[in-house]
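The values are calculated or read from the model by the stated rules, or taken from the named source; none is laboratory data. Keep in mind the model is a prediction, meaning the values are calculated, not measured. Cβ atoms come from the backbone with ideal geometry, glycine included; neighbour counts cover every protein chain shown. Each accessible area value is taken on the protein alone, full model and side chains, heavy atoms only, with ligands, DNA and RNA left out. Shrake-Rupley method; radii C 1.70, N 1.55, O 1.52, S 1.80 Å.
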Amino acid sequence: MTCGRIRSVRRSFGRGAIALLLAVSLSPSASRAAESPAAPSPPDRTTAGPPATDPVAADPVPVDPETTDPVPVEQWGGLPKVREQFPLTTGFLILEPTSAFVLPAGTWRASAAITWSNTFTAQQDVERALAARAERSSFEREAFERFAAADTDDQTFYLDAQVTRLVFELSRGIGHGLELSLAVPAVEMHGGFTDFLVEPFHDALGFDQEGRSGVHHDGFGLFVSGQGLELAIESDVGPKVGDVEVGIKKRLAGRSAAWSLLVEAEAKLPTGDDERLISSGSVDVGLGLAASRCWRSRCIHGMVGTVWAGASDRLGTDRRSILNAAVGLEERFSERWRLTVQGSYWQSYLAGIGFEHFAEDTVQLAVAVSRRIGPPVGGAGEVLVGLSENAFSFKNSADVSFHLGWQRRFE
């Protein structure tokens, strides 16, 4: 198969995922559900307030039949699960932004989310040489090795890739404020198809292209040399099954209090390919605390946690604890439409390998728009479209990420 045909297949994979998610979300069954009003729920005799029929009412307090305690129901969607997809760290566990909501007992949630993350970063001498080119051309391993041989700091790198991550997740509320989840990702690192979007986006914001203008669009290459680490991946990786993640959430306080509180624990199992960076090759464990406070048309969310990341033989990292945090504002404009703005923070997963730029922490800003498909209360599903951009540090994180998600709840 020629390189042109391979690139065409890669583009079809990404565009086909978009079409699949939209087709499922806008299926006739979902449309019929949207046209049919939800059946009113009978009055709940165990609470003092009226039945929860208004999706943005001040006190929608459904009751967990096993405990007769108020349960925060996901009438608010919460923070989108936006995560860092830097090529060198995509195999580690990252606590994604979350909200202090759990599913009611007996309720399932199925979701599919795809993220395309575009990264282009290089050591300063490499970057300057690329920016000085009169026209675009490829950047091969031989050229990189010449820069590495001349680098007195022994910290040469060139990373040009798109990371595509498609995650299927299934969650279930089991009562007593508990929710279990299983997530299976498919990951691909390749040249992609997003360069033609990223460069105009950076120009519009006044950002430096940092050498992008000197190489062909949708190129691929992961080269790192120095500090005892030698990494050279010249051909596309995947798509491959990544590391499976399992999680559990426990509600600490419900909507009877001003704030909803939740503790979550996650574990990532090394089921992916660590040689090609799809996996970190280790078991990672995370523990986090989330808080949410909602009003009639607005909700704020916050999350802080720690990941105990295992050692990666491929990248030369040791076991260490990583602080993760996120904060977000969710604004509902109608029964179906909502806007979320959020910021996420991660300590560096690569602080111990000796590269100055990779030791910097990551800050990511994101905005997402969501629309419910189906009845306004306990809707049949939801579609999400989002965009995220790195901030403050640019050598150790994806430049721009595009997000598309779908979820549906059922019993």
Quiz item: Hey, does region 245-255 have a residue that's closer than 14 Å to Phe92 by Cβ and either without any contact (Cβ under 8 Å) to a residue 40 or more places away in the chain or part of a strand (DSSP E or B) (or both)?
Solution: yes
Quiz item: Which of the residues spanning region 292-303 are closer than 28 Å to Thr90 by Cβ and surrounded by fewer than 22 Cβ atoms within 10 Å (Cβ to Cβ)?
Solution: Gly302
Practice problem: Name the residue, out of Arg332, Arg372, Arg319, that is open to solvent by 30 Å² or more (accessible area, probe 1.4 Å) and of a type in the set (Lys, Arg). | Solution: Arg319
Quiz item: What number of residues within region 286-328 satisfy the criterion of being in contact with a strand residue (DSSP E or B) (Cβ under 9 Å, 6 or more places away or on another chain), in a strand (DSSP E or B) and not aliphatic (A, V, I, L, M)?
Solution: 17
Self-check item: Residue within region 394-409 that is on the phi < 0 side of the Ramachandran plot, in a strand (DSSP E or B) and basic (Lys, Arg) present
Solution: yes
Exercise. Give me a count of the residues in region 230-239 that are touching a helix residue (DSSP H, G or I) at 6+ places or on another chain (Cβ under 8 Å) and buried (at least 16 other Cβ atoms within 10 Å of the Cβ).
Key: 2
Quiz item: Which of the residues belonging to region 133-143 are of a type outside the set (Ser, Thr, Tyr) and farther than 13 Å from Arg212 by Cβ?
Solution: Ala134, Glu135, Glu140, Arg141, Glu142, Ala143
Practice problem: Can you tell me which residue among Thr271, Thr306 is within 23 Å of Pro185 (Cα to Cα), in contact (Cβ under 8 Å) with a residue 12 or more places away in the chain and open to solvent by less than 50 Å² (accessible area, probe 1.4 Å)? | Solution: Thr306
Self-check item: region 256-277, subset out of contact with any Pro (no Cβ under 9 Å at 6 or more places or on another chain), assigned to a loop (DSSP other than H, G, I, E, B) and among the aliphatic types (A, V, I, L, M), residue farthest from Gly177 (Cα to Cα)
Solution: Leu269
Quiz item: What are the pairs, 6+ residues apart or on separate chains, where a residue within region 112-137 that is free of Cβ contacts under 8 Å to residues at least 40 places away in the same chain and at positive phi has its Cβ under 8 Å from a residue that is open to solvent by 20 Å² or more (accessible area, probe 1.4 Å) and acidic (Asp, Glu)?
Solution: none
Practice problem: Might you let me know whether region 130-139 holds any residue that is within 30 Å of Pro270 (Cα to Cα) and either more than 28 Å from the chain's Cα centre (by Cα) or of a type in the set (A, V, I, L, M, F, W, C) (or both)? | Solution: no
Self-check item: Residue, nearest to the chain's Cα centre (by Cα), within region 333-354, restricted to residues that are in contact (Cβ under 8 Å) with a residue 60 or more places away in the chain and outside any loop (DSSP other than H, G, I, E, B)
Solution: Ser344
Exercise. Could you please find all residues in region 308-323 being out of contact with any Asp or Glu (no Cβ under 6 Å at 6 or more places or on another chain) and of a type outside the set (Phe, Trp, Tyr)?
Key: Ser312, Asp313, Leu315, Gly316, Thr317, Asp318, Arg319, Arg320, Ser321, Ile322, Leu323
